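Report on the following structure.
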Amino acid sequence: MSDSSRRTGAPETAADVADVEPDNPHVLVIDDERSIVDVIRIGLRLQGFTVDGARTGLVGLEMAQRLRPDVVVLDGMLPELDGLSVCRRLRAVSDVPIIMLTARDEVDDRILGLDSGADDYLIKPFSVGELAARVRALLRRRQLLSGDVLRMGDLTLDHSAREVLVAGRSVTLTAREYELLYMFMRHPRQVLTRDAILEGVWGYDYPGDDNIVDVYVRSLRTKLGDQPPRRIQTVRGVGYALKE
């Protein structure tokens, strides 16, 4: 029996546990469909990742807190504890990047997932190649330069501490929301196109379309309390600009 199976008390199957290779990025997949976990496990391992799997929300949450993976791939519909609840509980104690899996392509569902703490989402059915690209992009985005404090009006971003303040009030952002705000604050008053934002935050090889930018800007505005007249302004047909 493997170490992971002994620790969780879950039955040992290919969907529950993978061999640990400490030098490789570690991905935890939480999905109740064994076939999906198996496909992801095999596909990501072929691309150099270490993969562990869980098929219930409670087991997945426990494994995420104990194993401290580099990325969590999380299904929205789970037994024992649903995916949104797992996401919220995990985000309360960790800034690990989270990719939500969803069977529905509805903007409200995406916003709910982002507000719960997810950094990205992927709609079923999906290719493992696309998932791997998004995992790599999240890992790249975490390797940011540190040491600068950026300010605009009552908005402060301390990059070394990865802390955001609005009028002295701390604001909790997901990793992707933070990177989006960081890009805006590094280029104040400059109009950033959606393509530039995609490349700067998601990476040049991001396989999706630029609608994801609009979803994240909306979520970021909500968390910053950005009411009209907005600090993150829409430049119709072009992109966005951060202004005082």
* **Unmet criterion (only one of (1) among the β-branched types (Val, Ile, Thr); (2) open to solvent by 50 Å² or more (accessible area, probe 1.4 Å); (3) in contact with a helix residue (DSSP H, G or I) (Cβ under 7 Å, 6 or more places away or on another chain)) for Val128** => (2)
* Test for Arg110: is it touching a residue at least 40 places away in the same chain (Cβ under 8 Å), surrounded by fewer than 15 Cβ atoms within 10 Å (Cβ to Cβ), assigned to a helix (DSSP H, G or I) and of a type outside the set (Ser, Thr, Tyr) -> no
* To do: Enumerate the pairs (first residue in segment 46-58 and aromatic (Phe, Trp, Tyr); second residue anywhere and surrounded by fewer than 24 Cβ atoms within 10 Å (Cβ to Cβ) and assigned to a loop (DSSP other than H, G, I, E, B)) with beta-carbon separation below 6 Å, excluding pairs fewer than 6 apart on the same chain, so at least 6 apart or on different chains.
  => Phe49/Asn24; Phe49/Pro25
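Of the residues that make up segment 131-143, is at least one without any contact (Cβ under 8 Å) to a residue 40 or more places away in the chain and either in contact with a His (Cβ under 8 Å, 6 or more places away or on another chain) or assigned to a loop (DSSP other than H, G, I, E, B) (or both)?
Checked against the condition, which is being without any contact (Cβ under 8 Å) to a residue 40 or more places away in the chain and either in contact with a His (Cβ under 8 Å, 6 or more places away or on another chain) or assigned to a loop (DSSP other than H, G, I, E, B) (or both), segment 131-143 yields at least one hit.
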* Structure fact -> Residue count, segment 212-238, condition buried (at least 20 other Cβ atoms within 10 Å of the Cβ) and in contact with a helix residue (DSSP H, G or I) (Cβ under 6 Å, 6 or more places away or on another chain), comes to 4
* To do: Give the number of residues within segment 189-211 that are open to solvent by 70 Å² or more (accessible area, probe 1.4 Å) and over 25 Å from Arg134 (Cα atoms).
  => 2
* Any chance Arg66 is in a helix (DSSP H, G or I), open to solvent by 20 Å² or more (accessible area, probe 1.4 Å), closer than 19 Å to Gly129 by Cβ and not polar (S, T, N, Q) -> no
* **Residues of segment 165-187 classified as touching a residue at least 24 places away in the same chain (Cβ under 8 Å) and open to solvent by less than 70 Å² (accessible area, probe 1.4 Å), total** => 14
* **Residue count for segment 175-227, restricted to those that are out of contact with any strand residue (DSSP E or B) (no Cβ under 7 Å at 6 or more places or on another chain), under 18 Å from Leu150 (Cα atoms) and in a loop (DSSP other than H, G, I, E, B)** => 1
* For segment 68-83, which residues satisfy the criterion of being free of Cβ contacts under 8 Å to residues at least 60 places away in the same chain and of a type in the set (A, V, I, L, M)? -> Val72, Leu74, Met77, Leu78, Leu81
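The values are calculated or read from the model by the stated rules, or taken from the named source; none is laboratory data. Because the structure is a prediction, the values reported are computed rather than measured. Virtual Cβ from ideal backbone geometry, glycine too; neighbours counted across all protein chains shown. These accessible areas exclude ligands, DNA and RNA; they are computed on the full protein's heavy atoms, side chains included. Shrake-Rupley method; radii C 1.70, N 1.55, O 1.52, S 1.80 Å.
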